[in-house]
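The values are calculated or read from the model by the stated rules, or taken from the named source; none is laboratory data. Please read these numbers as outputs of a predicted model, since none were measured by experiment. Glycine also receives a Cβ, built like all others from the backbone with ideal geometry; neighbour counts cover every protein chain displayed. Side chains are part of the model used for accessible areas, which takes the heavy atoms of the whole protein and leaves out ligands, DNA and RNA. Shrake-Rupley method; radii C 1.70, N 1.55, O 1.52, S 1.80 Å.
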Amino acid sequence: METQIDEKFCQKFNLNSASLASSNVRVDYADGMKNSEAGFSTRAIHEGYDALDYHGALNPPVFLTSTYAFERSETGSDRFAGAADGYIYGRVGNPTVTVLEERMASLEGGEAAMATSSGMGALTAVLWTLLKAGDEIVADKTLYGCTFALLHHQLERFGIKTRFVDLTDPANLSNALTSRCHMVIAETPSNPNMRLVDIAALADICRSKGVLLLIDNTFCTPYLQKPIALGADIVVHSATKYLGGHGDLLAGIVVARKELIDQFRFVGIKEMNGACISAFDAFLVLRGLKTLSLRMDRHGETALRLAHDLAEHPAVETVYFPGLSSHPQHELARRQMKNMGGMIALELKAGLGAGRAFMDNVVLATRAVSLGDAETLIQHPASMTHATYSPEERAEHGFTDGLIRISVGLEDYDDLRDDLIGSLDRLG
Ligand code: 4LM
């Protein structure tokens, strides 16, 4: 019987229905997916890979190779000169990694992507490619501790100065930009105190001044927030977190225009930090992406319920969570994010001592840094992820020593509520 192919479906996926119907013609499903109208979850599962290219293997093979054979010497020299496509050496490309890069570019709505060995590898590849001595960066006041250390302590040694500005008010950006500033950096929501920046408003200012806007989208993932659609130039991720999603890998991602990604790959990674991702870790991130939308829905749903419970507890002074109407940027969060994410920060009325006792009381939640895993993780930023800030800097940059951060996992809400609220009750 002749195969019947739905014409509308083919249009949606840029496929040729006549070719699909014919058993003799091979249709490249992965190519069809590019620029298609397929939904987020469909692209998170299929984009960039066609099983029929690899003996029908449902999952991309893990290419464990450091180098690639050239058919002739000219093949190699052409590839090195950029005159021919093809893999050269593992530091600049690998077929498993390419699948991840194409998938992430699609999910973030960018032209191209580059995967790296960690989130810090992604950031340094970008910064070392674009900056030189004498340049300036404007960055938001709260950032992940090692990003702050990179900007504040390390880049200064190379003559690059960072101004830390409260970017929750976009007017502060206009005042801080100088002719030496080429780049603005922000996380939203910020690590650890969950402040938001208005990406579209910052992007307008950056565009008018010819400055690049880099958004670290680790806390949201492209499922919740799409910085490029809002005008950002560069998106960076720690894929170690929600993208991987299972606490079993370290990885980073950069998404940007192809022209920029080529520079990050051939300068930042190839010649400067060498922070290329392993094919196996790329495979694990690809596996994580398949369930990203399901996981982010569940993280967001449970975190919202827990944030309300925590905010009502008499031992709690403040809960920092964009889904609470008490959050100063609740309206912006509703506009900019699909749901409110899985990260909660809180302060207890009795301060740091009580916060530490709370952390020691929990049984189900795991005392650990990192975030975005199936397991709920609880940590103390001032002594752990943000110990790179001095006490004075922490006060100046807007988070207290008493702050506790929770990465809400995928366990049952009732069990998490019993663990967290019970641990607060036991503080007495
Ligand atoms: C943590 N964070 O907070 P790699 N950008 C953001 C991050 O939160 C992190 C990185 C980049 C934590 C790690 C211990 C917003 C990391 C750096 O760890 O290099 O993949 O990402 O608990």
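Results, tabulated for the structure shown:
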read-out	value
Matching residues, the stretch 267-278, being in a helix (DSSP H, G or I) and buried (at least 24 other Cβ atoms within 10 Å of the Cβ)	Gly268, Ile269
Residue pairs meeting the criteria (Cβ under 6 Å; at least 6 apart or on separate chains; first free of Cβ contacts under 8 Å to residues at least 12 places away in the same chain, in the stretch 83-111; second among the small types (Gly, Ala, Ser))	none
Residue, most open to solvent (accessible area, probe 1.4 Å), within the stretch 169-193, restricted to residues that are among the polar types (S, T, N, Q) and away from the ligand (no atom under 16 Å from the Cβ)	Asn175
Hits in the stretch 374-400 - residues which are under 21 Å from Thr318 (Cα atoms) and within 13 Å of the ligand (Cβ to nearest atom)	Leu377, Ile378, Gln379, His380, Pro381, Ala382, Ser383, Met384, Thr385, His386, Phe399
Residue within the stretch 153-170 that is on the phi > 0 side of the Ramachandran plot and more than 17 Å from the chain's Cα centre (by Cα) present	yes
Among the residues listed as Leu364, Leu416, Leu371, Leu403, the single one being closer than 24 Å to His327 by Cα, away from the ligand (no atom under 13 Å from the Cβ), of a type in the set (A, V, I, L, M) and outside the structural domain of Ser190 (by TED's automatic domain parsing)	Leu416
Selection count, the stretch 46-64, where residues are in a loop (DSSP other than H, G, I, E, B) and touching a helix residue (DSSP H, G or I) at 6+ places or on another chain (Cβ under 8 Å)	12
Qualifying residue in the stretch 394-417 (condition: part of a loop (DSSP other than H, G, I, E, B), among the β-branched types (Val, Ile, Thr) and at pLDDT below 95)	yes
Considering residues of the stretch 144-159 that are open to solvent by 10 Å² or more (accessible area, probe 1.4 Å) and in contact with a Lys or Arg (Cβ under 9 Å, 6 or more places away or on another chain) only, the residue nearest to the ligand (Cβ to nearest atom)	Phe158
Lone unmet requirement of (1) part of a loop (DSSP other than H, G, I, E, B); (2) within 13 Å of the ligand (Cβ to nearest atom); (3) under 11 Å from the mean Cα position of the chain (by Cα) for Val235	(1)
Flag if His246 is modelled with pLDDT of 95 or more and assigned by TED's automatic domain parsing to the domain that holds Ala122	yes
Residue list for the stretch 194-225, restricted to those being open to solvent by 10 Å² or more (accessible area, probe 1.4 Å), closer than 18 Å to Leu143 by Cβ and in contact with a Pro (Cβ under 8 Å, 6 or more places away or on another chain)	Arg195, Asp198, Phe219
Residue that is nearest to the ligand (Cβ to nearest atom), among those in the stretch 111-143 that are hydroxyl-bearing (Ser, Thr, Tyr) and more than 22 Å from Ser190 (Cβ to Cβ)	Ser117
Selection from the stretch 118-135 of residues that are in contact (Cβ under 8 Å) with a residue 40 or more places away in the chain and open to solvent by 40 Å² or more (accessible area, probe 1.4 Å)	Met120, Trp128, Leu130
Those residues of the stretch 329-351 which are touching a residue at least 24 places away in the same chain (Cβ under 8 Å) and open to solvent by 60 Å² or more (accessible area, probe 1.4 Å), in sequence order	Lys338, Lys349, Ala350
Residues of the stretch 325-355 classified as closer than 24 Å to Gly372 by Cβ, assigned to a helix (DSSP H, G or I) and in contact with a Gly (Cβ under 9 Å, 6 or more places away or on another chain), total	4
Test: residue in the stretch 87-107 that is in a helix (DSSP H, G or I), farther than 18 Å from Met183 by Cα and open to solvent by 70 Å² or more (accessible area, probe 1.4 Å)	no
Met296 vs. criteria under 16 Å from the mean Cα position of the chain (by Cα), at negative phi and outside any loop (DSSP other than H, G, I, E, B)	yes
